[in-house]
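Chemist: After the structure tokens below, expect a handful of questions from me.
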Amino acid sequence: MNTSNHILVLDPITYTGGSKIATREMLDLLDRKNNKITVLTANPSSWLLRNVNIIKMRHPNWLPISEYGKSYWFRQLYFCLWLLYIRLFYGKIDVAVGASGPGIDMPIYMMKWFFGYQITQLIHGPVGLSRSIGLCLCHAEHVFYLQSAYPSLLAALKQVWRKESTSVQMEKQEQLLATHHFEPFVNGISEKNRPTPCQYQSPQIFWAASLLKWKGLDLLLDTVEATKVELRAPTTICYLIPENNALPTTQAPRDIEGITWHHQPTNLDTLRSEANIFVSTSHQEPFGLSILEALMAGMCVVIPSDGAFWDLILTHNKNCLKYKPNDMSSLQHQLSIANGNLNLITQLGQSGAHLSQGYQAEKCYLPIKLAMEKRSITSLALNEVKQ
């Protein structure tokens, strides 16, 4: 087997999330005959892929989880040792993929000059404001980012030239961002991973995310508790507990009548198909892969009107329902409307499913796939002509 291109994916995050699901979809598109894939991860259960080396990276309890200062850099040096291990025992690395963001994927930049690989950086949310992150963005061969992260990229790059005049900073930013070095993308789902269609027999609410505070589960729980028991739609909550994480989280599960809890279920697709109202409570969700999955499943999607990605794409009462951000009474009102009108659930769900057809992984991730394979659109076109 010709495996001339060795791709290494770094994943030091200890819990599953939308960014991992998206990256997994990207990797699944790669040709295994010409690409050897190694995933160095603290969470192997997130990477169930065919013909891929999954290397579990231990994350000891004594390892600091600080996002800045000496503790942060000590943690990055620890991960660098794992990169050295991969190089020694799994061979030359041609492309290193940062699956989260420069601040988390820092070790691949620290070891780039020793190993000589190219870096493909994926950015699924806002990056931190630091000069080191800005320098990383300059040194990656390819940076693919969700559009919502763009302002934070500008701010980080500005730190690189912070000693220059404002006009020089702007000029250098524009020159860099105008190159093919940076490219926006949207997430997609492949046909084989398309969610099972939901049921339209009786209203049922579905929520799925981690317990990080910014995911907003508290808002849904407060809304359910404020609703009379006899007026509550059955609610299914699927949740992940972030480990080795410094960010605030919601305490769950809670004993609330009408809510069924599932901790990191393996049958998530089945549980989603048994419901038909998907509720997003995230604060400024950068993309929301779970929303796309709900749309593809034909669910009635309920989202905040917060100017985030899906708020700009979806239309209230056409293919979704919208509520005022962080407003319990507004969310309660929209859920009451959906719960009392099964025809509306069906209509909005089917309209959303139609819109979701434009988010196919094979098309959305093509530029990223080519970057990982060290190919270009031009070379792809030439190969198609030859064939």
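The values are calculated or read from the model by the stated rules, or taken from the named source; none is laboratory data. All of these numbers come straight from a predicted model, not from anything done at the bench. Please note: Cβ atoms are built from the backbone with ideal geometry, for glycine as well, and neighbour counts cover all protein chains shown. Each accessible area value is taken on the protein alone, full model and side chains, heavy atoms only, with ligands, DNA and RNA left out. Shrake-Rupley method; radii C 1.70, N 1.55, O 1.52, S 1.80 Å.
Chemist: I need the full set of residues from the range 147-161 which are surrounded by 22 or more Cβ atoms within 10 Å (Cβ to Cβ) and within 19 Å of the chain's Cα centre (by Cα), in order please.
Modeler: Passing the criteria: only Leu153.
Chemist: Which condition from (1) out of contact with any Gly (no Cβ under 9 Å at 6 or more places or on another chain); (2) modelled with pLDDT of 90 or more; (3) open to solvent by less than 40 Å² (accessible area, probe 1.4 Å) is the one that Ser210 breaks?
Modeler: Result: Ser210 passes all but (1).
Chemist: Considering only residues that are under 15 Å from Gly101 (Cβ atoms), part of a helix (DSSP H, G or I) and not hydroxyl-bearing (Ser, Thr, Tyr), which ones fall in the range 7-28?
Modeler: Within the range 7-28, the subset under 15 Å from Gly101 (Cβ atoms) is 9-13, 17-20, 22-23.
Applying the additional criterion that residues be part of a helix (DSSP H, G or I) yields 18-20, 22-23.
Selection gives Gly18, Lys20, Ala22.
Chemist: Quick check on this structure: which one of Lys215, Lys192 is of a type in the set (Lys, Arg), in contact (Cβ under 8 Å) with a residue 40 or more places away in the chain, more than 23 Å from Ile345 (Cα to Cα) and open to solvent by 10 Å² or more (accessible area, probe 1.4 Å)? Steps first, answer last, please.
Modeler: Values: Lys192 fails: in contact (Cβ under 8 Å) with a residue 40 or more places away in the chain.
Every option except Lys215 fails the conditions.
Chemist: Among the residues of the range 28-59, write down those that are under 19 Å from Ala371 (Cβ atoms) and of a type in the set (D, E, K, R).
Modeler: Selection gives Asp28, Asp31, Arg32, Lys33, Lys36.
Chemist: Specify the residue that is farthest from Met299 (Cα to Cα); the eligible residues are those in the range 342-360 that are of a type outside the set (A, V, I, L, M) and touching a residue at least 40 places away in the same chain (Cβ under 8 Å).
Modeler: Step by step, filter the range 342-360, then rank; the result is Gln360.
Chemist: May I pose another question? Could you tell me whether the range 41-54 includes any residue that is touching a residue at least 12 places away in the same chain (Cβ under 8 Å), open to solvent by 40 Å² or more (accessible area, probe 1.4 Å), farther than 24 Å from Leu268 by Cβ and part of a strand (DSSP E or B)?
Modeler: Yes, because at least one residue in the range 41-54 is touching a residue at least 12 places away in the same chain (Cβ under 8 Å), open to solvent by 40 Å² or more (accessible area, probe 1.4 Å), farther than 24 Å from Leu268 by Cβ and part of a strand (DSSP E or B).
Chemist: Let me ask you something else. When both residues are 6+ apart or on different chains and their Cβ atoms are under 6 Å apart, which pairs have a first residue that lies in the range 248-265 and is loosely packed, with under 15 Cβ neighbours inside 10 Å, and a second that is among the polar types (S, T, N, Q)?
Modeler: From the range 248-265, the pairs are Thr260/Thr236.
Chemist: Shifting gears a bit: Six or more apart or on different chains, Cβ under 8 Å: which pairs go from a residue in the range 68-90 that's part of a helix (DSSP H, G or I) to one that's surrounded by fewer than 13 Cβ atoms within 10 Å (Cβ to Cβ)? Could you list them?
Modeler: Within 8 Å, the pairs are Tyr72/Ser66; Arg75/Ser66.
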